[in-house]
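The values are calculated or read from the model by the stated rules, or taken from the named source; none is laboratory data. A quick note: this is a predicted structure, and the numbers were derived from the prediction, not measured. Because the Cβ atoms are built from the backbone with ideal geometry, glycine has one as well, and the counts that use them run over all protein chains shown.
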Amino acid sequence: MSNWKKMAAKVGLTSAVAALALSAAVGTASADQKKFKIYLSLSYSGNSWQSEAANVVKALAATPPYDKMVELKEVISGADPQAQIAAYESMIADHADGIVSFPISSTALNRVIKKGCDAGVKFFMYDATVTEPCAYNISYITSGFGENSAQALVNELGGKGKIFLSRGVAGNSVDKRHTDGAMAIFKKYPGIQVVAEYYSNWDDRTTQQETAKALAAHPDVDGIWAQAGEYGAIQALMDKGNKLVPMTGENSNGFRLALANPEFQKRGLKGVSAGSPPAQSGYAFKLMMEVLTGKRDLKPQNIEYPLPWVPADQVKPCSGQSFENGCNVFPEGVVPSSFVTEIFNPTLLPELTLKSALDGKPTPGATIQALAADVVVTAPAEPGINCQKCEAPKDLYKLTKIKATVN
Amino acid sequence: MNDLTSKQPLSRSTHGAGSMMDNEKLIAESPDLRTTAKIKRETITAVGVFGLTILLIFLSRFVSPALGGWDQVNTVLVLACFLIVVSFGQGIVILIGGLDLSIPALITLSGVLTASWIGVSGDGSWYLFPLIMVICGGIGAVSGIGIVVLNIPPFIMTMATGIIVASSALGFTGGSPRGGASPLLLGLMKGNVMGIPWIILFILFFCVVGVLIQSRTTFGRRLMAIGSNLNAAVLAGIPTGNYIISAYITSAMSAGFAGFMLVGYANGATLRMGDGYLLSSIAAVVVGGSSILGGRGSFVSTIGGTLLLTTLGLVISALGVPQGWKTVIEGCTILFALLLLREDLISFFSRPKSRK
Amino acid sequence: MAQAPASAEPSAPENGLLRRLFSSGTGVIALIYVVLYVLFALWDHSALTSGTVVNLANNAAPLAIAAAGETMVVLARGFDLSVAGVISLTNVIMAAYPMEGPDGAAISLLICLAVGGMVGLVNGYLVSVLKLQSIAATLATMIICQGLALVILDAPGGTVSDFVADQLTDVVIGVVPVAGLIILVIVAVWLVFQRTAMGIALYTVGSDEVSAQLSGISVSSTRFIGFVSAGMLYGLAGFMLSAQTATGNPNGGASFLMLTFAAVALGGTSLSGGRGSVVGSILGAGTLMLLQKVLFAGGVSSFYTGIFQGTVLVIAVVFGGLITRLSERRGAR
């Protein structure tokens, strides 16, 4: 045999051995027939919000009685829609009972979701929504974060002033919904002028840098409307000088502590902390389990999660590990400033404590509490967000949390 | 080119030695019209890039009255500091004809470790900061060894290292980085001395050191030699393997240092800290005139490239047009800068001028 | 003058073919793909069903076509970053201006090819005529294309025509995926092109530009053709992406940037030009997409998939380099 053929044979043999060794090392995925096979499908990862939401689901899945009933697997596919499509396909082929997921695109996953529904898989999406009718969407997105926080800012400014808009990721439907809602309110007040609009990618550091750029061009800003990453805007203001301005944002720990800080209030910080709660994932998971175990009869629909709403004067630090006595922020040092605080909901998710969100571990002694029979609030249809061939209601941007105090 | 048509014809004597001596005398007495390039190409590129930046700062006054002055320069320097540090490392690697794709992951790793090990208290800073730099350098060494010893193309090796490091950072933090910035870092990034921010002083110091390292030390010159012609460098006796590995170590440590700075700036770490620094460091190095194939470039023009891109970003963000058009304008301006700083135009300016 | 020693008689004919395959890296990546598929079949019992094969073909098609295009530029020693921009742009055009039926699909396809080709023309002009560095020029065109995509569609939405979305992800003759057929056509065209003067010129310019110039090859026309054909292939990739996701996404092309280069390098094409093949790049793309599925089937914990991906990438390239060097040495004797 020539040397070449010997080499090829050697290579072939080595690869086969390596393959077998790898196979032994990693092991096979076995299916336990008695448990529900649930997949937690994340797309984007790498920020606190995503990992807290994932940890909430993991904690609930490990809380009795679900710890014996559920086999939960987490899959992170990254920011590429095709990777999440491939992940869904693999989960469907693996005969998943349910998939609780943060979808990366409101439209690209529809076809594979439809195939999954036809195969009997239940899809429960949290926070981000899909327009496929057979999926359940659990989201606060229809509860009007953009318009309500915009009105709060207008009220603080007395109806006039120069403002910055700190947005999310360019080309993303969630960012568009929030901004459209906010602009619908701002346009009603000719005294309000949007002097700078930038994309902060829902990240503290990017918000800080983009706000710094905007401040260089417009140092005389009067207020800031921000999506996630809002604490970075406060840092940018402090880097520039002593002046702070009224701000609305989402619910990072740093922002809420800043709102309640008397020193900052003296320098001009006022506003409201609203925004996206990671707790939505827990609600979605519990609903899914109740549907799978037959305890609840729920057709695929869009479900609304209530909008958190904490004005500066209602910020209250927690003394313990959970939201008791109406507290809604953790003291400095307990969690980093980028930690997203709305991980709890005493009505819907009483089984959770801070540890659940930080580590994904169940609370000792807790058991799953059933959701109230009438807990489901149907969300309005919003084209591009949770439905395709549909029409938005006439009062799409109605205010639910706050009334206009200015004309 | 030399003026070959000499005014005095060489004599064509039919005799032997006598005519040779006559010719030599003629050559010795003819005017010396040899010249060299009047201006070095690197200087032209640097002047061009800085000139464009200054022009942009002047023009930005039309975009907003608050821009166009020293305040803007201050903001640009502070915003550009991270990119300057990262571009130094990327520039060194590009100089030897490679590419470092692991920079974002190393920034993130360094930031995450700084925030969680050193944290807000700053305890143990004196040995933890160097330790983190050593870890980053070690990862750079792994990339370098893979490239030199295993012959893996730099693109793939650094991409793989980056993916592995990012994944490790994700696993280490479990998705939520803890901790914050120590007083030292906060002081560096936010404090000032006699009205001048520390960070600006630091960046000026870094730029001077960086330029000296890349252009004036043996280390830098040998790297340039390796980049221009690897075989010639080997034949000249340079231990190319060691130098290449050192280049990747340098790049990794620059990324690590940028991680420290970002933790101080944002008072915390996130798993996305390094995002955006890959393409922008390559852009800064290339717009600054360095060749992606290696062997040519100076840190001075890279600094210019960084400042140009940062100023451009600042001016564009102040424009009141939709994001899509902002992106188009940004791309067109970069293209414009590239066209102005291109090869043949620079050769035109640096061509030798004949002496009269 | 000394006579050059007569070269040794080549042994059995298939030896030459094997050696050629392995020295260009295509054989190596094919081997790696087969190994991965075997692992996949071991761990996931549905691996060999036609449904899975069709899904794999549909998932891999956009990346495979993009990698094929990138190879055209890399072979002649260049980098084309505009792949991400062209894919985003053609994707949003497909979704914002859908055209129904098979005629509509043909027109949409022509539009995608034209858009990609025009971007390729611009790139070619900047690099060949104005002598800009390819990485810099294509970075600028990528940014411009991404901006244009955002101008046309500012959030994910739009609808791709049903004909495109259904037919192109479907099968013919029961089991053969349409996406797979399209890739085969590209492979066939490449195998012909590789033997034409222009194909050989591409390789020559990549290995040694100076000698190519001296042998009479027009380096700038060769690069031009490389960029234009690359652009058209990116347009096709955007077309296939639209078929798979059935909607438009202004950021749709972003993830393709790194993946395309990884696919090209994995497929045995040298990033400094002169060596490689479109077939290798297509297989490299398939391997990357298959790897995701293999890691899923193997139950690898989600946090650490990155580590596995990076390691596999390195092992594959080292392996490939080893085999290539050995086969070259063997062939030189």
B:LEU101: in contact with a Phe, Trp or Tyr (Cβ under 9 Å, 6 or more places away or on another chain) and either crowded, with 24+ Cβ neighbours inside 10 Å or not in a helix (DSSP H, G or I) (or both), yes or no? yes
Any idea which of A:SER356, A:SER338 is hydroxyl-bearing (Ser, Thr, Tyr) and touching a strand residue (DSSP E or B) at 6+ places or on another chain (Cβ under 7 Å)? A:SER338
Among the listed residues A:ALA119, A:ALA135, A:ALA108, identify the single one that is of a type outside the set (D, E, K, R), at pLDDT below 90 and assigned by TED's automatic domain parsing to the domain that holds A:ALA312. A:ALA108
Take the conditions more than 19 Å from B:VAL78 (Cα to Cα) and in contact with a helix residue (DSSP H, G or I) (Cβ under 8 Å, 6 or more places away or on another chain) and apply them to B:ILE249. Does it pass? yes
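Quick check on this structure: which one of B:GLY331, B:GLY264 is surrounded by 20 or more Cβ atoms within 10 Å (Cβ to Cβ), within 28 Å of A:GLY78 (Cβ to Cβ) and at pLDDT 90 or above?
Exactly one of B:GLY331, B:GLY264 is surrounded by 20 or more Cβ atoms within 10 Å (Cβ to Cβ), within 28 Å of A:GLY78 (Cβ to Cβ) and at pLDDT 90 or above, namely B:GLY331.
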Pairs, first within 12 Å of chain C (Cβ to nearest Cβ) in the stretch A:88-104, second assigned to a helix (DSSP H, G or I) and of a type in the set (A, V, I, L, M, F, W, C), C-beta under 6 Å, six or more apart: A:TYR88/A:VAL112; A:GLU89/A:VAL112; A:SER90/C:PHE296
Check the stretch C:171-188 and report whether any residue there is in contact with a strand residue (DSSP E or B) (Cβ under 9 Å, 6 or more places away or on another chain), touching a residue at least 12 places away in the same chain (Cβ under 8 Å) and not in a helix (DSSP H, G or I). yes
Please specify each residue of the stretch A:185-205 satisfying the condition of being in contact with an Asp or Glu (Cβ under 8 Å, 6 or more places away or on another chain) and more than 8 Å from chain B (Cβ to nearest Cβ). A:ILE185, A:SER200
Might you let me know whether the stretch C:141-156 holds any residue that is farther than 14 Å from C:ALA95 by Cα and away from every other protein chain (no Cβ under 11 Å)? no
From the list A:LEU287, A:LEU307, A:LEU298, pick out the single residue that is surrounded by fewer than 17 Cβ atoms within 10 Å (Cβ to Cβ) and closer than 25 Å to A:SER101 by Cα. A:LEU298
Within the stretch A:358-372, does at least one residue satisfy the condition of being at positive phi and either surrounded by fewer than 19 Cβ atoms within 10 Å (Cβ to Cβ) or in contact (Cβ under 8 Å) with a residue 60 or more places away in the chain (or both)? yes
What are the residue pairs meeting all of these: first residue in the stretch A:250-269, first residue charged (D, E, K, R), second residue part of a helix (DSSP H, G or I), Cβ atoms under 9 Å, and 6 or more apart or on different chains? A:GLU250/A:TRP49; A:GLU250/A:PHE145; A:GLU250/A:SER149; A:GLU250/A:GLU230; A:ARG256/A:ALA312; A:ARG267/A:LEU237; A:ARG267/A:MET238
Looking only at helices (runs of 4 or more DSSP H) that lie completely in the stretch B:189-297, which have at least 1 residues being within 14 Å of chain A (Cβ to nearest Cβ) and of a type outside the set (S, T, N, Q)? B:198-211, B:240-266, B:277-287
Within the stretch A:114-171, residues without any contact (Cβ under 8 Å) to a residue 40 or more places away in the chain, aliphatic (A, V, I, L, M) and either out of contact with any Leu (no Cβ under 8 Å at 6 or more places or on another chain) or away from every other protein chain (no Cβ under 14 Å) (or both) come out as A:ALA119, A:VAL121, A:VAL169
Across the stretch B:236-268, what is the number of residues that are more than 18 Å from B:ILE199 (Cβ to Cβ) and over 17 Å from the mean Cα position of the chain (by Cα)? 9
Could you name every one of the helices (runs of 4 or more DSSP H) located completely within the stretch C:216-333 that has at least 1 residues being within 19 Å of C:ASN55 (Cβ to Cβ), under 15 Å from the mean Cα position of the chain (by Cα) and not aromatic (Phe, Trp, Tyr)? C:219-245, C:256-266, C:278-297
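Name the single residue that is surrounded by the most Cβ atoms within 10 Å (Cβ to Cβ) among those in the stretch A:314-341 being within 14 Å of chain B (Cβ to nearest Cβ) and under 21 Å from the mean Cα position of the chain (by Cα).
Going through the qualifying residues, I end up with A:THR341.
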Enumeration of residues in the stretch B:133-180 that are closer than 25 Å to A:GLN50 by Cα, aliphatic (A, V, I, L, M) and more than 14 Å from chain A (Cβ to nearest Cβ): B:MET159, B:ALA160, B:ILE164
Give the number of residues within the stretch C:304-317 that are hydrophobic (A, V, I, L, M, F, W, C) and either within 20 Å of A:GLU89 (Cα to Cα) or more than 7 Å from every other protein chain (Cβ to nearest Cβ) (or both). 4
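For A:SER276, are the conditions met, namely being outside any loop (DSSP other than H, G, I, E, B) and either in contact (Cβ under 8 Å) with a residue 40 or more places away in the chain or under 30 Å from A:ASN345 (Cα atoms) (or both)?
no
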Being within 15 Å of C:ILE65 (Cβ to Cβ) and touching a helix residue (DSSP H, G or I) at 6+ places or on another chain (Cβ under 8 Å), is that true of even one residue in the stretch C:307-318? no
Residue that is farthest from the other protein chains (Cβ to nearest Cβ), among those in the stretch A:43-87 that are among the charged types (D, E, K, R), more than 30 Å from A:GLY254 (Cα to Cα) and part of a helix (DSSP H, G or I): A:LYS68
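The rows are residues; the columns are (1) within 30 Å of C:TYR125 (Cα to Cα); (2) out of contact with any Phe, Trp or Tyr (no Cβ under 9 Å at 6 or more places or on another chain); (3) part of a loop (DSSP other than H, G, I, E, B); (4) modelled with pLDDT of 75 or more.
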| residue | (1), (2), (3), (4) |
| --- | --- |
| C:ALA4 | no, yes, yes, no |
| C:SER7 | no, yes, yes, no |
| C:ARG19 | no, no, no, no |
| C:GLY51 | no, yes, no, yes |
| C:ALA61 | yes, yes, no, yes |
| C:GLU70 | yes, no, no, yes |
| C:PHE79 | yes, no, yes, yes |
| C:VAL92 | yes, yes, no, yes |
Residue check, B:ASP344 against (1) surrounded by fewer than 20 Cβ atoms within 10 Å (Cβ to Cβ); (2) at pLDDT 85 or above, all met but one. Which one? (2)
Please go through the stretch C:279-301 and give me each residue that is within 7 Å of another protein chain (Cβ to nearest Cβ) and surrounded by fewer than 22 Cβ atoms within 10 Å (Cβ to Cβ), ordered by number. C:GLN292, C:GLY298, C:GLY299, C:VAL300
Restricting to the stretch A:186-226, give me the number of residues that are out of contact with any Phe, Trp or Tyr (no Cβ under 6 Å at 6 or more places or on another chain) and within 18 Å of A:ALA152 (Cβ to Cβ). 11
